[in-house]
Amino acid sequence: MDFKVGVIAGDGIGPEVTDEAWKVLSKVGEKFGHTFHRTDILMGGCSIDATGEPLTDEAIETAKAQDAVLMGSIGGNTSTSPWYKLPPQKRPEAGLLKLRKSLNLFANLRPAYLYPQLKEACPLKEATAEAGFDMLIMRELTGGLYFGARKTHEVNGLMTAEDTLTYNEEEIRRIAKRGFDVAMKRRKKVISVDKANVLDSSRLWRKVVEEVAADYPEVTLEHMLVDNCAMQLVKDPAQFDVVLTENMFGDILSDEAAMITGSLGMLSSASLNETKFGLYEPSGGSAPDIAGMDIANPIATILSAAMMLRYSFDLDAEADAIEEAVRKTLDDGIRTGDIMPREGEGSVTKVGCSAMGDAIVARL
Ligand code: IPM
Ligand code: MN
């Protein structure tokens, strides 16, 4: 079959990691008889440099015309890059937010799984790492603080800044349904994370999530306050199956969940709307400090490509093959710098970004 794949390489380590994911996709194509047609799309700092805008309307149209879009990362060093001297809506991140909103990508799936091979890279207590964990963060992606009204103005002679956190019941219902649907295919447990002891938006969140839960009698629902969740993630991550949460909490908790898998470089993600279209974006940043050095971990992007095959193209066997190849590569002790075992534990081979991609391709 033929598939149209948009590629947003972006900034920093983005081009390196997407190149490795593309190598893997090409190999999958060869092996299973598919053709992935690549169309590059500009977004982020590279788009600012080329067009003055972090994402042009033309780029959005090109993205919409694809079957799915695979992304690297966008942005630069927020203290030193000239991109951050621009007004907020002209900065690299604004491009990503505009893309998510224009394509209505409200459901962001971020699986955080501790590979047994990476136990020695897990920063948690040995017994906790030994027990392992396998969770999926279902993050709402087009509402809340990210998209509410904001302004900076003077109030009573003082510079004052405002950001608004708004959710309506429909926005909560559709993401909650996604959370329960995916829980039905997993261990049937949803932990909904909010701050209902303080926020009105969280109290509405809780109420709507409970209404949705009534349609899923097989799934157990638990509510957890976000501060407690941050603590439970390092104390007992095995208790989590599906973590259902709003945009900002999901952003923060997913970095934490990624780190306990060994590295942010392991966390893949899928951003989906009501159709088969999806934007597949590793959850890590552009890591400008190591850009172009061939030391970034491409696994999150490669696993995001696997998610694309599974969710947008219904190519389950192909997605399984990629995930299996990643497992074998880790089994064989091949590691990028970020997932090296703690000093003195395990014997492994340290490789760079492109060698990691090659190793995974070789095992496909
Ligand atoms: C992420 C990123 C983005 C977010 C940034 C780059 C706007 O941190 O995908 O988690 O906050 O959503
Ligand atoms: Mn983030």
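The values are calculated or read from the model by the stated rules, or taken from the named source; none is laboratory data. This structure is a prediction, so every number in the text was calculated from the model and none was measured. Using ideal geometry, Cβ is built from the backbone for each residue, glycine included, and neighbour counts are taken over all protein chains shown. Just so you know, the surface numbers come from the protein's heavy atoms only, side chains and all, with ligands and any DNA or RNA stripped out. Shrake-Rupley method; radii C 1.70, N 1.55, O 1.52, S 1.80 Å.
So here's what we get for this one:
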| read-out | value |
| --- | --- |
| Label-point separation, Arg173 to Asn197 (7 Å along Cα→Cβ), nm | 3.1 nm |
| log10 of Debye I(q)/I(0), alpha-carbon scatterers only, for the chain at 0.09, 0.12, 0.13, 0.15 Å⁻¹ | -0.50, -0.91, -1.08, -1.42 |
| Difference of contour (0.36 nm per residue) and Cα-Cα distance, Ser102 to Ala65 | 12.0 nm |
| Residue among Ser73, Gly44, Leu199 farthest towards the positive dipole end of the chain, charges placed on Cβ | Leu199 |
| Over the chain, relative contact order from alpha-carbon pairs under 8 Å, at least 6 apart, % | 22 percent |
| Length added when fully stretched, Asp255-Glu58, from 0.36 nm per residue minus Cα-Cα | 67.8 nm |
| Label-point separation in nm, Asp332 to Asp40, each point 7 Å along Cα→Cβ | 2.9 nm |
| Charge dipole (debye, nearest 20) of the chain; +1 at Cβ of Lys and Arg, -1 at Cβ of Asp and Glu | 280 debye |
| Residue-span extension gain [Asp49 to Leu145] - 0.36 nm each, minus C-alpha spacing | 31.8 nm |
| Cβ charges +1 (Lys, Arg) and -1 (Asp, Glu), total dipole of region 279-364, debye | 160 debye |
| Share antiparallel - DSSP beta bridges, the chain, percent rounded to 5 | 40 percent |
| Protein accessible area in region 123-260, 1.4 Å probe - carbon and sulfur % | 54 percent |
| Of the GluC sites (Glu not before Pro) in region 183-283, those whose Cβ has at most 16 other Cβ within 10 Å and which sit in DSSP loop | Glu218, Glu274 |
| Low-density loop cleavage sites - trypsin sites (Lys or Arg not before Pro) in region 111-215, where at most 10 other Cβ are within 10 Å (DSSP) | Lys185 |
| Rounded if a/c under 1.5, otherwise prolate or oblate - region 3-78, Cα gyration tensor axes | oblate |
| Inter-centroid distance (Cα atoms) of region 194-208 relative to region 24-96, Å | 34 Å |
| For the chain, calculated [θ]222 nm from helices alone, where every DSSP H run of n ≥ 4 adds -39500 (n - 2.57) | -12500 deg cm²/dmol |
| Beta bridges per DSSP with both ends in region 123-260, % antiparallel, nearest 5 | 30 percent |
| Region 131-186 and region 275-329: distance between their alpha carbon centers, rounded to Å | 24 Å |
| Rounded if a/c under 1.5, otherwise prolate or oblate - region 123-260, Cα gyration tensor axes | oblate |
| Whole-percent pair-distance distribution, where bins are 5 Å wide, for the alpha carbons of region 42-174 | 2, 8, 12, 14, 14, 15, 13, 11, 7, 3, 1, 0 |
| Within region 258-280, backbone nitrogen closer than 18 Å to the virtual label 7 Å beyond the Cα of Lys185 toward Cβ | 268-280 |
| Accessible area in square angstrom per residue, the chain, 1.4 angstrom probe | 42 Å² |
| Of Lys23/Lys328; Lys101/Lys151; Lys276/Lys328, pairs whose Cα-Cα distance is over 24 Å | Lys276/Lys328 |
